Amino acid sequence: IDDAQIEKIRKDFKVFSQKINGKKIVYLDNAATTQRPESVIKAVENYYDTSNANPHRGAHALSIRATKVYEDGREKVRKFINAKSTKEIIFTKNSTEALNLIANSYGMNFINKDDEIVIPISEHHSNLIPWQRVAKTKGAVLKYMYIDDEGRLTDEEIRSKITEKTKLVSIAHVTNTLGVVYPIEKIIDYAHKKGAIVVVDAAQSVPHMAEDVQKLDADFMVFSGHKMLSPMGIGVLYGKENILEKMPPFLLGGDMIEYVSEQDATFAELPFKFEAGTQYVEGVAGLSAAIDYIENLGFDFIREVENQLTEYALDEMGKIPYVTVYGPLNMKDRAGVISFNIKDVHPHDVATIVDSNYGVALRSGHHCAQPLMTYLNLNATCRISFYFYNTKEDVDIFIRSIKDVRRWLGYES
Ligand code: PMP
């Protein structure tokens with residue numbers, strides 16, 4: 001796949017047609033959020049122009065249209081991750097809200113004193129702090145699986161931490177810091193044999209690879225629309241119907257009830273039981289268009305572009321003596337996310353210099369994974385992350401930009 005092919009795709013993204021400070025935008029912060037294609041923006045606009053009303057509540061034509069947009073979106077998401085039923089697809093604000101829903105509803109009710117919750121040390125704070133609270137409130141134990149030198153989870157570590165005492169394992173499929181692809185199929189299988197349920201944080205995987213909840217046998221899966229071309233504020237929680245069925249609702253209010261009396265209430269069926277209040281219907285319109293866009297390109301294409309760029313960037317970064325790259329060396333264990341540092345330069349300074357001198361957008365900081373940073377003995381890293389609209393030229397400009405950082409700060413080499 002060459003840059004000429006990608007340039008055609010980039011035309012769908014108006015944001016790239018502008019220059020900032022006279023420079024082309026080299027957008028390498030896709031793990032934080034992606035850009036939106038014209039079709040997604042148009043889908044949101046079209047929803048407002050033709051179908052806006054409060055869904056599920058009214059018998060009038062616009063409300064019926066809004067309901068159709070919303071429920072068609074649910075069916076599209078169901079197919080996209082191959083869930084059995086639309087009852088298993090709950091719309092949330094983002095991955096964070098979905099994980100909080102699981103922790104508050106499942107965790108607080110089905111995890112008890114001395115039970116164990118197991119997560120990798122690399123988890124994003126949104127898949128970590130909710131479990132801290134469950135453990136503290138319920139007297140359960142939050143146990144960590146630690147990673148090896150390349151950021152991977154070894155079989156020994158998995159087997160020593162997931163035991164008969166484990167009630168729940170929560171794990172990212174792809175980590176947002178080191179870009180490691182964890183062997184979740186194996187972990188789910190092993191956890192199930194021990195009687196534990198498994199939550200998959202797919203925030204960094206769903207945009208980049210095909211996820212199949214039935215094939216994986218995942219009990220829960222969460223992801224955020226904004227990391228896959230959609231508006232900010234729409235996210236998804238998948239849960240197995242029999243598990244969701246026994247969980248109490250998380251938020252209480254309109255649209256999620258069956259009958260309310262002065263002192264009591266009964267709740268609506270799945271999935272509405274978990275969707276209190278007016279929902280982000282235009283976000284679902286955007287997410288539906290995003291899924292169409294991604295499916296039209298295909299995950300084989302998306303993975304190939306990202307692998308090509310990641311391999312090329314790793315090769316070029318490996319040639320620079322003062323650059324340290326973290327994470328797996330083997331491409332099969334990694335996705336298109338690369339964390340690195342430049343000797344003696346703070347990551348925030350790197351980010352500012354490459355942005356102002358070369359138009360390179362990259363991330364610096366702890367990436368919402370402070371326990372990982374502490375474990376790795378780091379304060380922060382720089383992070384680049386690719387999507388299918390990045391080019392080899394982007395990588396070339398990025399490499400040039402990081403080669404210039406130390407010289408710019410007055411180092412000899
Ligand atoms: N999990 C992972 C692995 C992430 O990368 C992120 C976002 N950086 C989140 C969860 C949280 O996503 P959101 O902010 O969209 O809720």
Checked Ala380, Ala335 against criteria (within 16 Å of the ligand (Cβ to nearest atom) and either surrounded by fewer than 17 Cβ atoms within 10 Å (Cβ to Cβ) or free of Cβ contacts under 8 Å to residues at least 60 places away in the same chain (or both)); the one match is Ala380
Picked from the stretch 192-207 (must be in contact (Cβ under 8 Å) with a residue 40 or more places away in the chain and away from the ligand (no atom under 15 Å from the Cβ)), the residue most open to solvent (accessible area, probe 1.4 Å) is Ile197
Note on Lys113: of the conditions (1) under 20 Å from Ile162 (Cα atoms); (2) surrounded by 20 or more Cβ atoms within 10 Å (Cβ to Cβ); (3) more than 16 Å from the ligand (Cβ to nearest atom), unmet is (2)
> Given the structure, is Ile188 away from the ligand (no atom under 13 Å from the Cβ) and crowded, with 20+ Cβ neighbours inside 10 Å?
Replying inline: yes
Note on the stretch 274-316: residues buried (at least 21 other Cβ atoms within 10 Å of the Cβ), in contact with a Leu (Cβ under 7 Å, 6 or more places away or on another chain) and either modelled with pLDDT under 95 or small (Gly, Ala, Ser) (or both) are Ala290
Going through (1) within 20 Å of Val181 (Cα to Cα); (2) open to solvent by less than 10 Å² (accessible area, probe 1.4 Å) one by one, His125 fails only at (2)
Self-check item: Residue in the stretch 106-124 that is modelled with pLDDT of 95 or more, of a type outside the set (A, V, I, L, M), part of a strand (DSSP E or B) and closer than 29 Å to Gly365 by Cβ present
Solution: yes
Checked Leu142, Leu101, Leu168 against criteria (within 16 Å of the ligand (Cβ to nearest atom), under 25 Å from the mean Cα position of the chain (by Cα) and open to solvent by less than 50 Å² (accessible area, probe 1.4 Å)); the one match is Leu101
Of those in the stretch 360-377 that are open to solvent by less than 10 Å² (accessible area, probe 1.4 Å) and more than 14 Å from the ligand (Cβ to nearest atom), the residue farthest from His124 (Cα to Cα) is Val360
Of the candidates Asp300, Asp292, Asp315, the one satisfying the condition of being under 13 Å from Val77 (Cα atoms) and among the acidic types (Asp, Glu) is Asp292
Just one listed residue, out of Arg133, Arg152, Arg78, is modelled with pLDDT of 95 or more, under 30 Å from Glu295 (Cβ atoms) and either open to solvent by 20 Å² or more (accessible area, probe 1.4 Å) or under 18 Å from the mean Cα position of the chain (by Cα) (or both), and it is Arg78
Notebook entry, point to check: Among the residues of the stretch 180-188, is any within 24 Å of the chain's Cα centre (by Cα), at pLDDT 95 or above and either farther than 23 Å from Gln214 by Cα or of a type in the set (D, E, K, R) (or both)?
Noted result: yes
Output for Cβ contacts, cut-off 6 Å, separation at least six or different chains, first residue at negative phi in the stretch 94-110, second among the acidic types (Asp, Glu) and near the ligand (Cβ under 9 Å from one of its atoms), reads none
(message) So for the stretch 46-56 (the condition being within 22 Å of Phe301 (Cβ to Cβ), away from the ligand (no atom under 16 Å from the Cβ) and modelled with pLDDT of 95 or more), does at least one residue qualify?
(response) no
Q. Just a yes or no: is a residue in the stretch 46-64 open to solvent by 70 Å² or more (accessible area, probe 1.4 Å), within 30 Å of Val15 (Cβ to Cβ), without any contact (Cβ under 8 Å) to a residue 24 or more places away in the chain and touching a helix residue (DSSP H, G or I) at 6+ places or on another chain (Cβ under 9 Å)?
A. no
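The values are calculated or read from the model by the stated rules, or taken from the named source; none is laboratory data. The model shown is predicted, which means the values in this text are computed figures rather than measured ones. So basically every Cβ, Gly included, is an ideal-geometry build from the backbone, and we count neighbours across all protein chains shown. Ligands, DNA and RNA are excluded from the accessible area calculation, which covers all protein heavy atoms including side chains. Shrake-Rupley method; radii C 1.70, N 1.55, O 1.52, S 1.80 Å.
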